[in-house]
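The values are calculated or read from the model by the stated rules, or taken from the named source; none is laboratory data. Quantities reported herein were computed from a predicted structural model and do not represent experimental measurements. FYI the Cβ positions are ideal-geometry reconstructions off the backbone, even for glycines, and counts take in every protein chain you see.
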Amino acid sequence: MQNPVIDVLRNHRSIRKFSPQTLSDDLLDQLVLAGQAASSSSFVQAYSIIDICDPEIRQQLQRCCSNQAYVGEAARFLVFCADFHRLQLAAEFQGIDPELGFTEQFLAASIDAALVAQNIIVAAESVGLGGVYIGAIRNKPKQVTEILALPEQVFALFGMCLGYPDQNPEIKPRLPAQVVLHRDVYNATQYTRELDNYDRVTAQYYTQRTQGAVTTGWSQQMAEKLGKESRPDLLEHLQSQGLAKR
């Protein structure tokens, strides 16, 4: 099936090397409008996007993000936030004392932000741009909150580098569709049938990509990831921002 939208989606790859070419405000505005067209839970639109223009702020965020060079080098660096502060203000404007801090609210805001971000990166790729998500923005949540002057009910979920690609990496092989697509009920038996082959495919991919520095497949990498703590201070910070308290 030939379809230009499906082609753009299936050809996605993370870009971590960018040309010096700038990304205009007009084009960024168009990308954000495309992002805003995404679905929103109950139309709350509980997200905010911060375009980091100040070089010093960009450097500070880069240091918070494990000093990943492309955070500083991309034409644009955007920070996507879960944002119930705006909803709080709207409720108070209507004379209502809002009930806040529910886990459902944080989930809804996070999903809203992710949908918007995915629209933006697909729109960007459709006009020749490339990008990469930066989950490392959550490495130092307190510092990021201070740098960005985030009020209560706002949390920086992830960053996004955007710019014109200066590389053309191979597409990373995804899990087989039959592993992630279930019929009627959840079926774990399909994992064991497919995992060995997928491990071989991903091991070959990483061996080629890293010139032999990484030779492990997907399941071993995931086992190692789950064998250590994952940002254990995150819940405490979320709750200090008034989020996910109940």
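Thr145 satisfies every condition listed in (1) in the same structural domain as Asp112 (by TED's automatic domain parsing); (2) assigned to a helix (DSSP H, G or I); (3) surrounded by fewer than 14 Cβ atoms within 10 Å (Cβ to Cβ) except (3).
Could you tell me whether Gly242 is closer than 21 Å to Val179 by Cα, surrounded by 13 or more Cβ atoms within 10 Å (Cβ to Cβ) and not assigned by TED's automatic domain parsing to the domain that holds Gln153? Spelling it out, it is not the case that Gly242 is closer than 21 Å to Val179 by Cα, surrounded by 13 or more Cβ atoms within 10 Å (Cβ to Cβ) and not assigned by TED's automatic domain parsing to the domain that holds Gln153. Selection within the stretch 199-238: residues that are assigned to a loop (DSSP other than H, G, I, E, B) and in contact (Cβ under 8 Å) with a residue 24 or more places away in the chain. The member of this set that is farthest from Asn139 (Cα to Cα) is Asp233. From the list Ala46, Ala109, Ala91, the one residue that fits, being in contact with an Asp or Glu (Cβ under 8 Å, 6 or more places away or on another chain), under 25 Å from Ala149 (Cβ atoms) and either free of Cβ contacts under 8 Å to residues at least 12 places away in the same chain or not assigned by TED's automatic domain parsing to the domain that holds Ala124 (or both), is Ala91. Those residues that are in contact with an Asp or Glu (Cβ under 9 Å, 6 or more places away or on another chain) and not in a helix (DSSP H, G or I), I need them from the stretch 22-40; list them, please. Result: Ala38, Ser39, Ser40.
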